[in-house]
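A quick write-up on the structure given underneath.
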Amino acid sequence: MCSRKVFPIRPHHGMCLAYFEGKGYSSEFTAHMGEMLKIFQNNVPVHLVVGADEICRKCPNRRGENCTPDSNADTFDRAVLELCGLREGEELSFLEFADRVQSSILGKGLRESICGGCRWNDICTQRKSLWEAEDKKRP
């Protein structure tokens, strides 16, 4: 039997990926995030983690298994878990995760209450969620 790789993902990255437009902390990070978005959209299994994930692997702000001390990433993660009714350590398909983020947070206009102070907020405010577009493509 062939097993599929399960990718660790921070819950708040479900929101970041929904608005990703090719900008990020460094060119290496941005290229990696774009690659990960393509992989995730193939509906791979994900494992929800509060701490460094596959996207963080190329982040210049990564300090071991965490972000820089002034980051709010853990707070963002816990808010996403709570609003989506998910738990740290839970495994599900990426598209199921994206659907939960869209229906529980993005579609209800709650994103800014979680991460409105993020340096990338302007991008998210000006773009339409990729997960919303995915909803319209599905039967």
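The values are calculated or read from the model by the stated rules, or taken from the named source; none is laboratory data. The shown structure was predicted, so the numbers you read here are calculated from the model rather than taken from an experiment. Cβ coordinates were reconstructed from backbone atoms using ideal geometry, including for glycine residues, and neighbour counts include every protein chain displayed. Surface accessibility is based on the protein's heavy atoms, side chains included, excluding ligands, DNA and RNA. Shrake-Rupley method; radii C 1.70, N 1.55, O 1.52, S 1.80 Å.
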### Task
Run the dipole for region 81-137 about the Cα centre, Lys and Arg Cβ at +1, Asp and Glu Cβ at -1, nothing else charged, and hand back the magnitude in debye, nearest 20.
300
### Query
Per-residue accessible area for ILE39 at 1.4 Å probe radius, Å² rounded to 10?
60
#### Entry: Rough spin-label spacing in nm, given labels placed 7 Å along Cα→Cβ, for GLU132 and GLU90
2.3
### Task
Considering Cα pairs under 8 angstrom that are at least six residues apart, work out the relative contact order of the chain and quote it in whole percent.
30
### Message
Can you list residues from other chains, or at least 5 along the same chain, whose modelled amide H is less than 5 Å from the amide H of HIS47?
### Response
PHE7, ILE9
## Note on the structure
Quick calc, ARG4 & ARG119: beta-carbon distance into FRET formula, R0 22 Å, rounding 0.05, result 0.05
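What whole-number value in cubic angstrom gives the convex hull volume per residue for the C-alpha atoms of region 1-101?
103
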### Summary
Averaged per residue, the 1.4 Å probe accessible area of the chain, protein heavy atoms only, in Å², is roughly 55
### Summary
Reduced to Cα centres, the span from region 84-107 to region 1-43 in Å works out to 15
### Query
Using unit Cβ charges (K, R positive; D, E negative) and no other charged atoms, how large, in debye to the nearest 20, is the dipole of region 22-112 about its Cα centre?
260
### Query
What order do you get for 97-103, 113-119, 16-22 when each peptide is scored by the mean count of other beta carbon atoms within 10 Å, highest first?
97-103, 16-22, 113-119
### Query
Along the Cα-to-C-beta direction of ILE39, a point sits 7 Å from the Cα; which residues of region 82-106 have their amide N less than 15 Å from that point?
94-95
### Summary
Dividing the helical contributions, -39500 (n - 2.57) per DSSP H run of n ≥ 4, by the residues of the chain yields a 222 nm value, nearest 500 deg cm²/dmol, of -12500 deg cm²/dmol
### Most positive-pole-ward Cα, VAL49, GLN126, GLY109, against dipole of region 3-139 from beta carbon charges
GLN126
